[in-house]
Amino acid sequence: MNEIVMKTNIEQAEEVLAQTYARFPVVFTKGSGCKLWDSEGKEYLDFVAGIAVCNLGHAHPAVAEAISQQAKNLIHVSNLFYTVPQIKLAKWLTDNSFADRAFFCNSGAEANEAAIKLARKYFFDKGNNNKNTIISAKQSFHGRTYASMSATGQDKIKKGFEPMLPGFKMVPFNDIEALKENLDSTVCAVMLEPIQGEGGVCCPSEDYLKQVKQLCVENDILLIFDEVQTGIARTGKLFAYEHFDVKPDIMTLAKALANGLPVGAMLTTDKIAKAFGHGAHATTFGGTPLVASAALSVLEYIESNDLVNQCDNVGNYFKEQLISLKEKYSFIKEVRGYGLLLGMPMSIKGAPIVNKCLEKGFVINCIQDTILRFIPPLIIQKEEIDKLINCLDEIFKEIT
Ligand SMILES: Cc1ncc(COP(=O)(O)O)c(C=O)c1O
């Protein structure tokens with residue numbers, strides 16, 4: 001009976017959903033902490049967390065309570081008015097980052113759109129209309145809307161959608177000389193993920209981001225950090241820029257901010273925020289009381305349970321275990337990343353490994369064909385990590 005129900009769901013999905021995702025043949029119906037259950041009642045351990053979204057795990061009581069209380073009170077009134085959860089959320093984020101002001105939207109791509117618009121408007125307002133080029137990095141990922149896609153450094157994302165927007169240039173990540181060569185008086189912003197997520201969990205060399213910041217300061221260029229994937233404690237710091245001791249001028253957030261409710265944020269300094277005056281930018285749903293309450297519950301939980309350090313500790317343990325696998329299997333090229341954003345590039349395809357893990361009840365992810373990415377909820381325990389490591393060991397034994 002259950003099987004029939006599941007098949008019907010998947011068959012129906014294939015008829016009615018846009019085919020933008022090659023989905024795995026699983027219908028998830030329930031989650032709790034790091035566990036998921038499918039429509040047949042099979043249990044899984046989740047090492048994807050909705051792609052770095054559910055940092056507190058599934059069905060977290062604090063988040064569920066915040067959402068249900070707020071839903072009974074006030075869901076939406078429009079940004080024509082003030083609402084208390086939005087004010088509190090902006091206060092929390094600005095108190096805990098470099099920023100003075102927050103603009104709320106609904107996704108990572110939208111937060112990046114806001115960042116790109118703000119950078120251009122900032123120089124326009126200074127009378128510098130020609131300073132509008134955005135430099136981003138090859139292999140980067142900033143989203144699927146036109147501006148965020150134009151800033152994205154991966155051809156496969158753009159194919160068939162050309163022409164891209166004008167005013168975007170790309171340089172190799174981690175190559176300060178290439179950036180220097182491409183700076184001219186038209187450049188208004190350098191936009192980077194401090195650690196490239198979708199591009200392969202690519203980490204900057206020790207001084208790269210500092211050198212980028214210095215170039216930006218010297219040339220009156222804004223530095224935008226896209227922390228959509230790296231933000232909200234994922235890397236063992238609240239924001240990844242803290243690892244590198246470099247403050248951006250603008251930062252974008254989304255994904256984990258409300259543990260699964262759609263929210264994006266663009267944070268910046270007072271000085272730069274002035275370029276977004278009344279009517280300059282807007283979105284109907286940005287920072288509704290509902291999502292803001294959920295986000296606040298996430299941030300307060302992270303703070304009161306020291307999840308930043310927990311992520312750092314467990315992340316180090318996870319990395320050590322992955323490194324011990326690397327020592328055993330020569331097809332594993334490297335283990336890299338910070339906190340619980342870990343990548344394992346291999347000389348073999350990752351898809352069969354992901355499928356085998358799924359069969360055995362483990363949800364993991366592969367990016368760029370050959371890189372396994374591990375981004376579990378930050379509440380993951382060492383014993384749960386051990387279970388995955390054993391499962392990977394078994395699979396690797398079979399294929400070698
Ligand atoms: C670094 C980064 N920026 C932007 C985005 C786009 O976010 P969204 O899918 O919420 O538009 C993503 C999504 O994976 C991302 O990883």
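Okay, here's what the table says:
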read-out: Output for segment 129-148, where each listed residue is within 10 Å of ASN112 (Cα to Cα) and hydrophobic (A, V, I, L, M, F, W, C); value: ALA147
read-out: Every pair of residues 6+ apart whose Cβ atoms lie under 7 Å, when the first sits in segment 368-396 and is without any contact (Cβ under 8 Å) to a residue 40 or more places away in the chain while the second is crowded, with 23+ Cβ neighbours inside 10 Å and aliphatic (A, V, I, L, M); value: LEU372/MET344; LEU372/ILE364
read-out: Filter result for ILE232 (within 14 Å of the chain's Cα centre (by Cα), surrounded by 24 or more Cβ atoms within 10 Å (Cβ to Cβ) and within 11 Å of the ligand (Cβ to nearest atom)); value: no
read-out: Complete set of residues in segment 116-149 that are in contact with a Pro (Cβ under 9 Å, 6 or more places away or on another chain) and under 20 Å from LYS255 (Cα atoms); value: GLN139
read-out: Matching residues, segment 157-203, being of a type in the set (Val, Ile, Thr), within 16 Å of the ligand (Cβ to nearest atom) and surrounded by 21 or more Cβ atoms within 10 Å (Cβ to Cβ); value: VAL190, ILE195, VAL201
read-out: Segment 70-84, subset in contact (Cβ under 8 Å) with a residue 60 or more places away in the chain and of a type in the set (A, V, I, L, M, F, W, C), residue nearest to GLY279 (Cα to Cα); value: VAL77
read-out: Residue in segment 110-128 that is nearest to the ligand (Cβ to nearest atom), counting only those that are farther than 22 Å from SER78 by Cβ and surrounded by 24 or more Cβ atoms within 10 Å (Cβ to Cβ); value: ASN112
read-out: Qualifying residue in segment 267-288 (condition: within 16 Å of the ligand (Cβ to nearest atom), surrounded by 24 or more Cβ atoms within 10 Å (Cβ to Cβ) and among the β-branched types (Val, Ile, Thr)); value: no
read-out: Scope segment 75-109; condition aliphatic (A, V, I, L, M) and within 16 Å of the ligand (Cβ to nearest atom); matching residues; value: ALA109
read-out: Failed item, numbered, when ASN129 is tested on (1) over 16 Å from the mean Cα position of the chain (by Cα); (2) at pLDDT 95 or above; value: (2)
read-out: Scan of segment 42-57 for residues that are farther than 15 Å from GLN381 by Cβ and touching a Lys or Arg at 6+ places or on another chain (Cβ under 9 Å), ordered by number; value: GLU43, TYR44, VAL48, GLY50, ILE51, ALA52, VAL53
read-out: Yes/no for ALA151 being free of Cβ contacts under 8 Å to residues at least 60 places away in the same chain and of a type in the set (A, V, I, L, M); value: yes
read-out: When residues of segment 37-52 are limited to those that are surrounded by fewer than 21 Cβ atoms within 10 Å (Cβ to Cβ) and not acidic (Asp, Glu), the one nearest to the ligand (Cβ to nearest atom); value: ILE51
read-out: LYS247 in a helix (DSSP H, G or I), surrounded by fewer than 20 Cβ atoms within 10 Å (Cβ to Cβ) and in contact with a helix residue (DSSP H, G or I) (Cβ under 8 Å, 6 or more places away or on another chain); value: no
read-out: Single match in SER304, SER330 (criterion: closer than 30 Å to ASP369 by Cα, surrounded by fewer than 19 Cβ atoms within 10 Å (Cβ to Cβ) and hydroxyl-bearing (Ser, Thr, Tyr)); value: SER330
read-out: Considering residues of segment 209-250 that are polar (S, T, N, Q) and touching a residue at least 40 places away in the same chain (Cβ under 8 Å) only, the residue nearest to ASN305 (Cα to Cα); value: THR235
read-out: Residues (away from the ligand (no atom under 12 Å from the Cβ) and touching a strand residue (DSSP E or B) at 6+ places or on another chain (Cβ under 9 Å)) located in segment 131-154; value: LYS131, ASN132, THR133, ILE134, ILE135, LYS138, SER150
read-out: Contacts under 9 angstrom Cβ, first residue in segment 252-278 being part of a loop (DSSP other than H, G, I, E, B), partner modelled with pLDDT under 95, 6 or more apart; value: none
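The values are calculated or read from the model by the stated rules, or taken from the named source; none is laboratory data. Note that the structure is predicted; figures quoted are calculated from it, not measured. Using ideal geometry, Cβ is built from the backbone for each residue, glycine included, and neighbour counts are taken over all protein chains shown.
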